[in-house]
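Note sheet for the following structure.
What follows draws every value from the coordinates through simple rules; no lab data is involved. These numbers come from a predicted model, not from an experiment. Because the Cβ atoms are built from the backbone with ideal geometry, glycine has one as well, and the counts that use them run over all protein chains shown.
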Amino acid sequence: MSKLSLDRILQSQGFGTRKYCRSLIEDGEVSIAGEVIDDYRASFDTTDLTFTIFEEDWLYREHVYIVLNKPANFECSRKPSHHPGVLTLLPEQFTWRELQPVGRLDHDTTGMLLMSDDGAFIHAQSSPKRHVPKVYVATTHDPVTPELVAQLLAGVQLHDEPAPLAAQTCRKLDTHALEIVLEQGKYHQVKRMLAAAGNHCSALRRVAIGELMLDSLHLEEGEWAYLDASQLALLKPSND
Ligand code: URA
């Protein structure tokens, strides 16, 4: 059992500074099990705790793990420069909780983006040693040929990489579309691999990470969802 005072609970969940959280409590904005709690020192077991604030119910979460169906024209950086940041698509509490993207997608790449405030999870997921496959659908400027697919599977040499990088799997989907699965997450990797193979990527969408498919989550672009334990378990290397 983990007991915390109500002001600490609200602060940990991203409702603002401790001072502000205390003022919310004293103003009668917070209730638990239908009862307004106006003493910020009152403490509660956080296990499965639901509290109501501004008439909205929140489940206490030690850490937050979410998936966003990222639209184009949003940046993953916390300090975006040319487009709004992905955090603007999420509740304000997540900014306070310092949610971070797990790896980055380019501003014009759409699809599956994981975000969390659990540093160990972010580190483990992004580690190159973990080999979590990421599945992309790329639209190409020139037709997808068998030679292009073969080149991507054999490996292409990118500038500033010591050795050629190969797709884990790659298959043609349409005259101008292919699915490519990568285990690494190098900067602009899909676009650079396609360019190195003599084509050009005109649109890119990430459709799966590990065995978790974006389609299975039924999210419109710009929508997000919490990931539960069984979904998190799917974010794993293929040989786990
Ligand atoms: N590869 C790219 O080129 N861009 C992305 O956003 C992700 C992978």
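Worth pointing out:
- With a Förster radius of 45 Å applied to the beta-carbon distance between T50 and S202, the computed FRET efficiency rounds to 0.45.
- At 0.890 mPa s and 25 °C, Stokes D of the stretch 1-124 from Kirkwood alpha-carbon radius, µm² per second: 156 µm²/s
- Fraction in percent of alpha-carbon pairs per bin - 10 Å, the chain: 7, 27, 29, 19, 10, 7, 1
- Loop-located chymotrypsin sites (Phe, Trp or Tyr not before Pro) in the stretch 147-227 (DSSP state other than H, G, I, E, B) with a sparse environment of at most 11 neighbouring Cβ atoms within 10 Å: Y187.
- For the stretch 133-209: relative contact order, % (alpha-carbon pairs under 8 angstrom, 6 or more apart): 47 percent
- Neighbourhood net charge (9 Å Cβ-Cβ; Lys/Arg +1, Asp/Glu -1) for Q100: -1
- Here the stretch 69-212 is described by how far its Cα atoms reach on the three principal axes: 48, 30, 29 Å, from widest to narrowest.
- Alpha-carbon gyration tensor eigenvalues x 5, square-rooted, for the stretch 118-159, Å: 30, 13, 9
- Inter-probe distance in nm under a simple model that places probes 7 Å from Cα toward Cβ, at H82 and E161: 2.2 nm
- Considering only GluC sites (Glu not before Pro) in DSSP loops that have at most 10 other Cβ atoms within 10 Å, the longest stretch of the chain without any of them is 56-219.
- Taking 0.36 nm per residue of separation and subtracting the current Cα-Cα distance, fully stretching the chain between K3 and T95 would add 30.7 nm.
- Zone of A177's modelled label, taken as backbone nitrogen in the stretch 100-134 under 14 Å from a point 7 Å along Cα→Cβ: 110-111
- Extent along principal axes [Cα atoms of the stretch 133-209; Å; largest to smallest]: 32, 26, 19
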